[in-house]
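Here is the structure we will look at, set down as structure tokens.
Laboratory data are not the source of any read-out in this text; all were calculated from the coordinates shown. Predicted model only: the values in this text are computed from it and were never measured. Positions of Cβ are generated from backbone atoms using ideal geometry, with glycine treated the same way; all protein chains shown enter the neighbour counts.
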Amino acid sequence: MSAPAAHHYTSTGLDSRKVAIWAFIGSECMLFVSLISTYLIYKGRSRVGPFPHETWVDPTSGHHFHAILNIPVTSASTFTLLMSSLFMVLALAAVQHKGSYPTRTWWQRRLASSKLWLWATAIAGTTFLGFQAFEFTSFVHEGLSIRTNLFGSSFFTLTGFHGAHVTAGVIWLLTLLSIDYKRGLGPKDELIVDIAALYWHFVDVVWIAIFTLVYLIK
Amino acid sequence: MEHDTPHSDVAPAAHAHEETHHPDWSVYWKVALILTLITIGEVWMYYVPAIVASRAFVPGLLALSALKFAIVVMFYMHLKYDHKLFRALFTGPLLIAASTLIALMFLFGHLSAKL
């Protein structure tokens, strides 16, 4: 019997783990498009407020609700998630080129530190989740819950699913960090970091679509 | 920077020569700058009433969003440089999903009302 395979190659010559993550991302595309479709179908069909972009006065109580979406806060969270993608790709580059790049200056040492970029990505992801927690809490205080109207149901389901994916990504990053502290991540670990990076960037591109379709298009 | 994915001794004989070319660090920073500028442009459009009222508002935002999406997928997810099978695994389901979305929009009258 031959020695156990170090790499999980498929008949195409590609590593099966990378094929699997791309197939998973493809299926995730379908999941998120179904959630986005639901949001768009229900858009503008809520009978009662609060509404995303318009003010509303409750005819029974006379209570005045302003447009509920907070674009400045969401723009900041979008920027944070975009930067997290940069940090993730720098973490991958640091792992790929560990030991092969000069690290004479302070900046070169920082650029080549996978721990630094993995921490930066995890912190940016956690900050994004903090923004989302703030947004959800403020919406509930302003009278919008998942049961209030069609907008609330589809909005919380879509953004909640995305938030759950970000949470899973942060846990994944912390796992990579623990490996990095335990034995150090190097070029031989390129694939496991690449797979985590692909998942993280996918979470980012989903938010790019959500930010435009849910928050910016009135 | 160019690297070959390591080949194992026990890899199948038909193992394709998997070669990927990842961009330099400086490219990643430039891509981040472009993404930031596009996002600023999108938010700016949202706050200009004349643009919001124009017919170009929604198509413009969708185009900018699609551009950002494509940039991240091509450069950060390395799909521009990776094996064509990965491209197929991603774009195939994405096209099916996008077609379903457009069909649903027509079915529920969101697009047919505008055409």
Please go through the stretch A:43-53 and pick out each residue that is within 9 Å of chain B (Cβ to nearest Cβ) and either acidic (Asp, Glu) or under 24 Å from the mean Cα position of the chain (by Cα) (or both). A:43
Residues located in the stretch A:102-128, provided they are surrounded by fewer than 19 Cβ atoms within 10 Å (Cβ to Cβ), more than 21 Å from residue B:27 (Cβ to Cβ) and either touching a residue at least 60 places away in the same chain (Cβ under 8 Å) or of a type in the set (A, V, I, L, M) (or both): A:115, A:123
Check off (1) hydrophobic (A, V, I, L, M, F, W, C); (2) in a helix (DSSP H, G or I); (3) within 28 Å of residue B:65 (Cα to Cα) for residue A:146 and give me the number that stays unchecked. (2)
With criteria (1) more than 8 Å from every other protein chain (Cβ to nearest Cβ); (2) of a type in the set (S, T, N, Q); (3) under 14 Å from the mean Cα position of the chain (by Cα), residue B:26 comes up short on (3)
Close pairs from the stretch A:17-29: first facing chain B (nearest Cβ under 7 Å) and more than 19 Å from residue A:161 (Cα to Cα), partner of a type in the set (Phe, Trp, Tyr) and in a helix (DSSP H, G or I), Cβ under 7 Å, at least 6 apart: A:22/B:86; A:22/B:90
